[in-house]
Amino acid sequence: MYKSPEVGLDEGSIGGTVIVKTRKPLDLPAHKIAGSALAQYSEVSSETDPQLSVMYKYKNEQENFDALLSLIRQERNLRRDGIEAWSWIDRNITTTAGDTYSNVYSPGGGGSAMFTQERVRTGYTLALQYRPTDELDISFNALDFTLDADNTHQNFLWQPSNVYARGGHLSDYHVINNVLAYGAYTQVPADNPSSQPFNTAMEAIWRDTAIATTSNTLTATWQRGLWQAQYQLGMSRGSGGTREDHTTQFSTNTAFCVDTRQRQNITAEYEVAATDAQQWLLSDIRNDALDAEDEQWYTQIDITRAVDHSVINKIELGIKARDHQRSFTRRRSIGGDYTGLAGDLGWRLSQFSAPFPEHYLRHIGSSDTLKRYAYADTQALARQYRSIDFHQYEERPSRFEINERSLAGYTQLQVGADTWQGNLGVRLVATEQQAEAYAGPVHSGRTQSGRTHSVANASTVQLGQWQQSRRRYWDFFT
């Protein structure tokens, strides 16, 4: 690990540089096989998950070619229980008596949330090494890993931001040091300007998520006497995202109160019972997606000559060319709120009820904490989603493509004696960057949950033009 930069290392590191040197196949015994099998138990999810790995080593009779292959598969079932409050900002609040208070630090929402995830990680590593002579060593290293991380998230929400925005008020409150520690909230008028006759919701989200990592490196090292030359050709790629990001909100219009005065606890009570699934009506339905990719190709030549000198130990020089590309795309669905698709479907949470998981919020909160509510069957919802023709658009403010090409050259002296060592060198880098993205007006809309998203309706989808920016510059390091 290099804590301080050196001219022989790639520029751009913030905290340090770690170079991982894996074992070379020719350094290991021939024809070796090894494996492991593990099991891990998670107390919250009550699941026992396996992890399997195997490694095989091959060496030819001439003992100048080796191959090392390893395979791994790991499964994990995770669950996270929690109570939360978010969007704390200074707000102007109004009571039913008509009193208004300015800049009271208060929450925009929160709830009792449960997150579950099933992780399946599979991958392999491959190392090939060929040493035809004592002077030449050729190696190839490959790595490929994928992670499927499908997950669900269900949250029984309380949403003061909806109350404020839709004409509701505080019917009771307790402010401590200008912080709204307790609030009782009214219903909102059915004919409020938002056309959303609800003030809070139960949200069910499930995502189809996967990421992949690939790395391939070909290295040839030649050494004769005091000289060593190394040539590298490599690529790395990371890609993935959320192929399907489904959101379903079931809402109602109910008086509720939220108490945050207890340490490490939030209690919420609803006039409409949290377990009465029939009272919660579909208010928003979405099917979104995002995808990202990061890829780099590089070629590099490093030449080293050892020096028999009292102070100068080694002379190093090299050149490296890199081509790095990154892109990001997000797709959003539109028209899914109560005035559109959700209202047309008219679903109720009772149509998709599922048994509530056991031991929720165990050792968290108190007996007054909301620990049981109407829970959704996301598999049943997913089956219904397949028959819905969602209207998606590309979220232009999030879309970008970046390409960076660089050519770097360096020379360095390694110096030192018995009690000290150091280096002196220079590095010159020429960089060309090209960035592409949409530019132009951007509208901001607000979802049923009160969270901000970028394009609010179909009329804003066409705003912005795809533009390109390019620059070239030099960097000089010593």
In nm, to one decimal, how far is the modelled label at Leu9 from the one at Asp418, with both set 7 Å along Cα→Cβ? 3.0
Would you work out the charge dipole size for region 130-179 about its Cα centre, treating the Cβ of every Lys and Arg as +1 and the Cβ of every Asp and Glu as -1, and quote it to the nearest 20 debye? 620
Lys and Arg at +1, Asp and Glu at -1: add these up for the other residues within a Cβ distance under 9 Å of Glu432 and post the number. +3
Projected onto the charge dipole of the chain (+1 at Lys/Arg Cβ, -1 at Asp/Glu Cβ, origin at the Cα centre), which of Gly335, Thr122, Tyr56 gives the Cα projection farthest towards the positive end? Tyr56
Chymotrypsin sites (Phe, Trp or Tyr not before Pro) within region 381-427: which are DSSP loop residues with at most 14 other Cβ atoms inside 10 Å? Trp420
Computed about the Cα centre, the charge dipole of region 151-276 from +1 Lys/Arg and -1 Asp/Glu charges at the Cβ has a magnitude in debye, to the nearest 20, of 900
So what is the relative contact order of the chain, in percent, for Cα pairs below 8 Å that sit 6 or more residues apart? 11
Counting only pairs 8 or more residues apart or on different chains, how many lysine pairs in the chain have their Cα atoms under 23 Å apart? 13
What is the percent carbon and sulfur in the accessible area of the chain, measuring with a 1.4 Å probe over the protein chains and ignoring ligands? 50
Debye, to nearest 20: dipole size of region 108-197, +1 on Lys, Arg Cβ, -1 on Asp, Glu Cβ: 460
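The values are calculated or read from the model by the stated rules, or taken from the named source; none is laboratory data. All values derive from a computational prediction rather than experimental measurement. Note that each Cβ is placed from the backbone with ideal geometry, even for glycine, and that neighbours are counted across all protein chains shown. The protein model used for the area step is the full one, side chains on, heavy atoms only, and it has no ligands, DNA or RNA in it. Shrake-Rupley method; radii C 1.70, N 1.55, O 1.52, S 1.80 Å.
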